[in-house]
Structure formats: C-alpha cells, structure tokens
Amino acid sequence: MNIFHHIREKVLKALDGLKARGVIPVDADTSRVSIEAPRDPAHGDVTTNAAMVLARPAGMRPRDLAEKIAALLGDDTGLEAVDIAGPGFINMRLSSAFWPRLLDAVMEQGEAYGRSDMGKGEKVNVEYVSANPTGPLHVGHCRGAVFGDALAALLEETGHEVTREYYINDAGAQVDVLARSAFLRYRQALGQDIGEIPAGLYPGEYLIPVGQALAREHGEKLLDMAEEDWLPIVRDFAITAMMDMIRDDLAALNIRHEVFFSERTLHEKGLIEDTLADLRARDLVYMGRLPPPKGKPAEDWEDREQLLFRSSDFGDDIDRPLAKSDGSYTYFAADVAYIRDKLSRGFRQLVYILGADHGGYVKRLQAVNKALSGGNAELIARLCQLVKLYRGGQPVRMSKRAGDFVTLRDVVDEVGPDVVRFMMLTRRNDAPLDFDFEKVTEQSRDNPVFYVQYAHARICSVLRNAAQELGEKAASAAAPDWTLLTDPAEMALIRRIGEYPRVLEAAARAHEPHRVAFYLQELAADFHALWNKGKELPQLRFILPGQMDVSLTRLAFLRAIRYCLANGLRIMGVTPVTEM
RNA sequence: GGCCCCGUAGCUCAGCUGGAUAGAGCAGCGGACUUCUAAUCCGCAGGUCGCAGGUUCGAAUCCUGCCGGGGUCGCCA
C-alpha cells in the first residue's frame, strides 16, 4: 500500500467538496498539489501544499483556505491530527490505527513490497550498453550497463512493460577494421610472422583466439583469397565472437538483454530505404547545404549539397545529413530507421543510456522521435559521466598504448558484481564517479555496499537466533501486535518503510535509479540506529525471552524491514546477503 | 564561438521536478563494546547553496546574464 496515494485521495476529495461549495473554482488545477513526508517529523507524518497552491485561484489567503480544507479532513478517522503551519502547510498525523495497516500490507506483499502499477503496462524500451562489437567491454561501459539494467528493473517494478535492448553497431567501418585485425591473427595462428600490429588496427590480444578459431574452421584457404572475398567471412565470424564475449562480460554482471538489434539488418532488409521514402512522403527531408562546423578549423571541409533531415523543425540546432559524400548512408540514417522500428513495435517510451560524449546527439534523436511518433512516444536520454578508477587514493594509470585498458571483466573479477553494481548507482548519472578498488571492498561505514548488506545480514542473523532462543513459535506467522512498536526509533523506521513506494515511483518517473541506492542507505541507517539503541536499553532488543508477544512482533517487524531492503537490492541487482 | 552537463560543509556527495530551520558520510573533537554481529551507534562542530538580477506567498531548485570546470560541434560510430 502507498500511504501517499491514500492521503492524496482524501485531500482531493476535500478539494472536490470545496469546489462543490464554490470555495474553489471548479476548473482549478490540482496537479501541483503535493503529498509528501515533511523533512521534520515534528511536522507530522504527511504534509500537503494544497492550500498554498490553490490560494490564488480561490482568491483567499493560504492559511484561511487551509482551515477549510483541514476542516473537511478532520472528520476522517484515519487522521489523528490535522494542523496548519507555516505559510499554509496542512500537516497530518496518521492515527495509531493507520500504521498497523501499513505493516500488515508489507507483510502480505513480502519482497514485492514497493511494487506499483503506476506505469499501467506502458511499453518501454531501454537501450543500454550498445558498445561496438570490436572488443571486450571496458570500465567506461560498466556504468551505463548497470544504470540501464537498474532503470529497467525499476520501471518494471513500477508497472511498465520493459524491453532491454542492445544495438549492435555491426555495419560501419569499425567492423571492417575488426575483420582485418582478426585476419592478421588468423595468419599468426597459421604460423606466419605478422610483426607489429599496424596502426589503425585493433592490437588487443583478445583477437588471438579468434584468429585461432578461424584457422581451425577454414584452414589455409582464406590466405589465397582477395580481401573483398575473405573480409565478409572474417567479419561475420569476428562479430559473432565479439558479441559472445560481450554477452559473457554482461553475464558476469548479471545483465541479460532481451533483444540484440543488429544495425546491419536495417541495411539488409531495406529498412533505411523504406524510412527515407516515408520521410520524403512527409516532406521531412530535402537536398540542401550545411554551414561549416564552428570552433575548430575544418581543413577538409567541402561545401556540398546533401540529403538532410529537417531536425531543426523539431528542436535540433541544425538539420542532419542522412547520406555521406560517397552515397552511402550515415550512422544517423540507420538511427532514424531504428527509431522507426522501435516505434512500430509499440513502445511509448524510448530510453537511451549513453556516455557523456554522446550528449550532442540527444537533440537529433529526440527530433526524430518527435517527427516520427507524432507525440505518441517520448524519447528519454540519460547520459552517464565517466568513472575514474583509483587504488588506495591513487589514480589507476591507464597506458596510452592502444589496447591496454581496464576491462569490465577486470573490475568485476576483482571486487565482484554486487560491489560494482551498487557503487555505480551511488552517484547521479550526470556526475562523475570515483571508483576506488580498495575503498569499495572495505567493511566500514563509508562503504555503502557493505553498510546496506550488513543491515540485511544482521536482520537475518537475529531471525536465525530467534528460532533457537524462542523455539519454533518464533518462526510461525503469528499475528503481530503492531501497537507494541512505540519507540521513536521504531516509529522512524515505520515511516521510512512507508516512504518506499513513493521513492520508487519518483525514481521511475525521473529515470533515476540512484535514488533507490540512497534510500536503502537511509533505511539501513535507521535500522542500525535501532539496533544500537537496544544495547543501551535492553528492553528495545528484538529477542526478549519471557515476552513472547513483543518478541514475535519485533521479529515480524524485522521481516518487514528485510522485505524492503531486499526489494531495493533486487532492483539494483545486488544480492541481499544473509550473513557476512 | 554554438549546444549539453556540472558548481551545495575542509573532502566526496544527497536534496523527493518550487516548500517550513539546506541534509548524510569522510576528516576533526567527545562519548557507548562480559554484543540479538562495535564490521555499529550517539553527541559536538562545520554553509553568502559559484556571482548578480528576475519570476511569487516561498528559490539550492524555474528564467536571464556573467564566472569557473567537463563534454561535444558535417562526410566517426
């Protein structure tokens, strides 16, 4: 259950009552009415700004209007107190009968607590990673991978129908370079001396096994062929090998995409031509000239007429070219076809997780979506900033030598997927992130991964002990008497648990999965505080032999906290460990 | 030069799309362990929210202009 939805209904009902009486204009906009938990618990459990937002349309002073709203809310038995404070806030304290209902609902939902139907089954496509199939994933891909995966889970948890998608850039010049690089390794596998890897080819050692596999499969027969003949063979072979490797890398992080979409299929199936025909029919393209790029010297700039998409009609800065000077299609042309394909599959939200270096690309993607969807779909881009690697406070030096970079696998192998996934969500996506190999495995307060998992493990530890100390009854699902939870530390935790569904919805709306990570740290802090309070005040402990009713209630309470932690951790893709 | 992102405690960062006295952690100082896991907790101290205007009941948050940092700027992907 979501207590904020519950209160919103009450408030809106009161507002309707005032509208019926002519106090507020019937057409007054109530969309800005907020229902939230006040920062200061002294202000009550829930607060609303309704009076302040509607004071102007009502032609009243906020506090006077608040009086009228509060009068209508006061009748409600679910509210213990309704106060007006400050400039016109209406603060509500939930009656003591309310919290038990919340906790009952949590117990009933278990680890599904937090789920909502906000998305109403809306189809959402989340495209993330989409790294070129030319080598293993490196740390730079790591953040977007985790971010996208957590966002997908978050959207799913809030009632969206999510497709996780990976766009394979298997049509550009970079895969020809891959093919030539692999061919070199093929010759090497056949015993030829290939010397230094020429500049412009991929020197990475990960292509050595690809060369060996090519040798096994084709023997020496590719050696006698002309490049134009062997290149497609080697290219397909290498791309398949690279994608297998990338899938393995992602699997190490427990990431699995439902759809791997090949750029090449857009070309091969004629979908780009179809798209262009479509654009022409709707007068969205034309032959024209672009101004030269500003800011940097354009030595090879050549003014020419080319096929342009009218992206500036849809919010972009300039129109964008669809064809290169040699007549082949630009990457952008394929992207237009790709967006068209996504829209044809019925998605209402196209989410793109990109590196910060793609910031300049967002406007044109949105322009395409606007032009093709006619406003039926929304294109949302989230840019992930760089991850800086440290070890014991010292930056990890990355050699400029090509091919020598820290791979995603290196990081996951060293610290484990849980740590990587949690840490990648401890910053807003648009802020740079520092990742220190030593700090993230530290078992201390300033390591959030540990701190949250420790809270979960501690709860599990108590539940284990309870079975021994209280006997089998402790494990039974006896109806807890929630009114026995009265300590401020306990109440703080209950309120925190009540916030959770709202946090998820806000995070999903904003496409900001990091909010889940921050919430879990707060929830864990509340729990650790209660735990330690039990040290000074033994009557606050969870297991009190001789007080079975209190013990069973507190154990149930611990389960409720655990459900909340487990749900959040699952969205983040982090294992809720049961002992440490 | 155009566009995008960022600027909040000494440090690293939150701040619930405009709410009340701006919050955490680290570092500093002072406390709590014969433990339901002290791997934790409690307290103190720390701020012109980059600067200057504007919008309104109310601004860290929105608009404008500066300052500083990063990214990006046909025919790469």
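The values are calculated or read from the model by the stated rules, or taken from the named source; none is laboratory data. Keep in mind the model is a prediction, meaning the values are calculated, not measured. Reconstructed Cβ throughout: ideal geometry from the backbone, glycine too, with neighbour counts over all protein chains shown. Surface areas here come from the heavy atoms of the whole protein model, side chains and all, with no ligands, DNA or RNA. Shrake-Rupley method; radii C 1.70, N 1.55, O 1.52, S 1.80 Å.
Couple of notes before you dig in:
- A:Asp117 vs. criteria in a loop (DSSP other than H, G, I, E, B) and in contact with a Lys or Arg (Cβ under 6 Å, 6 or more places away or on another chain): no
- Output for the stretch A:567-580, where each listed residue is crowded, with 22+ Cβ neighbours inside 10 Å and more than 12 Å from A:Phe422 (Cα to Cα): A:Asn567
- Residue match in the stretch A:518-532 (condition: more than 25 Å from A:Arg445 (Cβ to Cβ) and of a type in the set (A, V, I, L, M, F, W, C)): no
- A:Ala71 being open to solvent by 60 Å² or more (accessible area, probe 1.4 Å), within 29 Å of A:Ala50 (Cα to Cα) and at pLDDT below 95: yes
- Qualifying residue in the stretch A:379-397 (condition: within 23 Å of A:Met245 (Cβ to Cβ), touching a residue at least 40 places away in the same chain (Cβ under 8 Å) and away from RNA strand B (no atom under 14 Å from the Cβ)): yes
- Flag set for A:Gly172, criterion: under 31 Å from the mean Cα position of the chain (by Cα), within 13 Å of RNA strand B (Cβ to nearest atom) and closer than 30 Å to A:Val124 by Cβ.
- Within the stretch A:525-555, considering residues that are charged (D, E, K, R) and farther than 19 Å from A:Tyr454 by Cα, the one nearest to RNA strand B (Cβ to nearest atom): A:Glu536
- Filtered residues of the stretch A:25-44 (kept if buried (at least 20 other Cβ atoms within 10 Å of the Cβ) and in contact with a Phe, Trp or Tyr (Cβ under 8 Å, 6 or more places away or on another chain)): A:Ile35
- Of all the residues in the stretch A:357-378, those that are farther than 15 Å from A:Ser130 by Cβ, part of a helix (DSSP H, G or I) and either in contact with a Leu (Cβ under 6 Å, 6 or more places away or on another chain) or in contact (Cβ under 8 Å) with a residue 12 or more places away in the chain (or both) number 11.
- Lone qualifier among A:Arg143, A:Arg93, A:Arg101 - being under 30 Å from A:Pro432 (Cα atoms) and outside any loop (DSSP other than H, G, I, E, B): A:Arg143
- Looking at A:Glu442, A:Glu414, A:Glu438, just one residue is surrounded by fewer than 22 Cβ atoms within 10 Å (Cβ to Cβ) and touching a Gly at 6+ places or on another chain (Cβ under 8 Å), and that residue is A:Glu438.
- Between A:Val146, A:Val177, the distinction of being crowded, with 23+ Cβ neighbours inside 10 Å and of a type in the set (Val, Ile, Thr) belongs to A:Val146 only.
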